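The values are calculated or read from the model by the stated rules, or taken from the named source; none is laboratory data. Nothing here was measured: the structure is a model prediction, and the numbers come from that model. Cβ placement follows ideal geometry from the backbone for every residue including glycine, while neighbour counts extend to all protein chains displayed. These accessible areas exclude ligands, DNA and RNA; they are computed on the full protein's heavy atoms, side chains included. Shrake-Rupley method; radii C 1.70, N 1.55, O 1.52, S 1.80 Å.
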Amino acid sequence: MVLMRWVRSAAFAVLVGAGAGISPLAAQFDSGLPVGSKAPVLVINDLDGKPVDLGAWLGKTPVLIEFWATWCSSCKALLPELARVRKTFGDKVTLIGINVTVNESRERVRRYLQAVDPGFLVLYDETGASTRAYDVPGTSHVVVVDASGTVVYTGTGGDQDLVAAVRKAVR
């Protein structure tokens, strides 16, 4: 179990490092779910270990999902964009942040959240199910899904225009 988690962590770290120099526009075409595909509906635990069914939102309302980590500088750079999305769209869009748990503990994430309010529902994917299902290339990967459950945007990096991305889902 420990070895398997280490291998997953090491592989994801390599992916994060490999994608660090890629522009967000280019990253849209490298990996991740294809625009036009259906977003996978998964059950992922919250920080308390309680299961959260993404089906409560996916296919019902526009959703922005960010795959993030506390140590991710691009994720921190996206915080003002997330605030713009909240200000622009309010409750017309659901914001979900899935912590990828690479070199993260629940306590570390909790401490981070006390200092920084990212403004999204925080999930903690210790099994890597969401990163596999969404073909996540690295942290700061964003997937925007419309109310029908269709992916309308994917991107990676700290300089994404998330308001424009969400506008594709909110009509």
For this session: Assign one of three labels to segment 22-171, namely rounded, prolate or oblate, based on the Cα gyration tensor with a ≥ b ≥ c the square roots of its eigenvalues; rounded applies when a/c is under 1.5, prolate when it is not and a/b is larger than b/c, and oblate otherwise.
Result: rounded
Exercise. Taking the highest mean first, how do the peptides 86-96, 128-138 order by number of other beta carbon atoms within 10 angstrom per residue?
Worked result: 128-138, 86-96
Seminar exercise, completed: Once the dipole of segment 24-100 is set up from charges on Cβ (+1 Lys and Arg, -1 Asp and Glu), the residue from the list Trp57, Cys72, Thr88 lying farthest towards its positive end is Thr88
For this session: Classify segment 119-168 as rounded, prolate or oblate from the Cα gyration tensor: take a ≥ b ≥ c as the square roots of its eigenvalues, call it rounded if a/c is under 1.5, otherwise prolate when a/b beats b/c and oblate if not.
Result: prolate
Problem set entry | Between segment 104-171 and segment 33-59, the alpha-carbon center distance in angstrom | 11
Exercise. Hey, any idea what the orientation-averaged projected area of the convex hull of segment 87-171's Cα atoms comes to, in nm²?
Worked result: 6.1
Exercise. Got a sec? What order do Leu33, Leu64 fall in by accessible area at 1.4 Å, biggest, i.e. largest, first?
Worked result: Leu33, Leu64
Exercise. So how much slack lies between Arg84 and Lys168, counting 0.36 nm per residue of separation and subtracting their Cα-Cα distance, in nm?
Worked result: 28.7 nm
Exercise. For Lys168, which aspartates and glutamates qualify as cross-link partners when the Cα separation must be under 18 Å and same-chain residues fewer than eight apart are set aside?
Worked result: Glu66, Glu81, Asp91, Asp146, Asp159
Seminar exercise, completed: In nm, the gap between the two label points placed 7 Å beyond Cα toward Cβ at Ala133 and Lys60 is 1.5
For this session: Take Asn103, project a point 7 Å from its Cα along the Cβ direction, then tell me which residues of segment 127-171 have their backbone nitrogen under 17 Å from it.
Result: 138-141
Seminar exercise, completed: If each K or R counts +1 and each D or E counts -1, the residues other than Glu107 whose Cβ falls under 15 Å of its Cβ total 0
